[in-house]
Amino acid sequence: MANFKALPLLLLALIAFSMLATVALANNPYGPGSLTINQCSPQCTRRCSNTQYRKPCLFFCNKCCRKCLCVPPGFYGNKQVCPCYNNWKTQQGGPKCP
């Protein structure tokens, strides 16, 4: 009988935990869909600021951002936080997004 009294408490704890997890995922500034199209240009300017190939970097970064609504953190790498950005490949199989 003690198990039935603990059940509502357990359910309440599970609901609270799922709400906290949802809030934590929503606050991820780099995950898929974390940007709006208007935010792509400044994020790509940041991403491409340290490259000597600035124009192509900006072109492809903006193209990828418009499709994925995500730009990885940093100037290079870290693409795993944005799977769409990471997995979009050229016809030759190389990465499309900088």
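Rundown of residues vs (1) closer than 28 Å to PRO83 by Cβ; (2) modelled with pLDDT of 75 or more, yes/no style:
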| position | (1), (2) |
| --- | --- |
| ALA2 | no, no |
| LYS5 | no, no |
| LEU9 | no, no |
| ALA13 | no, no |
| ALA16 | no, no |
| ASN27 | yes, no |
| ILE37 | yes, yes |
| SER41 | yes, yes |
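Answer with yes or no whether PRO32 is farther than 14 Å from TYR76 by Cα, touching a residue at least 12 places away in the same chain (Cβ under 8 Å) and within 16 Å of the chain's Cα centre (by Cα). For PRO32, the condition - farther than 14 Å from TYR76 by Cα, touching a residue at least 12 places away in the same chain (Cβ under 8 Å) and within 16 Å of the chain's Cα centre (by Cα) - is met. Listed by first and then second residue, the pairs with beta-carbon distance under 8 Å, at least 6 apart or on different chains, first residue in region 52-67 and basic (Lys, Arg), second in a helix (DSSP H, G or I) and crowded, with 18+ Cβ neighbours inside 10 Å, are ARG66/CYS40. Just one of the listed residues (LYS55, LYS63) is part of a helix (DSSP H, G or I) and either loosely packed, with under 13 Cβ neighbours inside 10 Å or under 9 Å from the mean Cα position of the chain (by Cα) (or both), and it is LYS55.
The values are calculated or read from the model by the stated rules, or taken from the named source; none is laboratory data. These figures come from a predicted structure and were not determined experimentally. Neighbour counts are summed over all protein chains in view; Cβ atoms, including those assigned to glycine, are modelled from backbone coordinates with ideal geometry.
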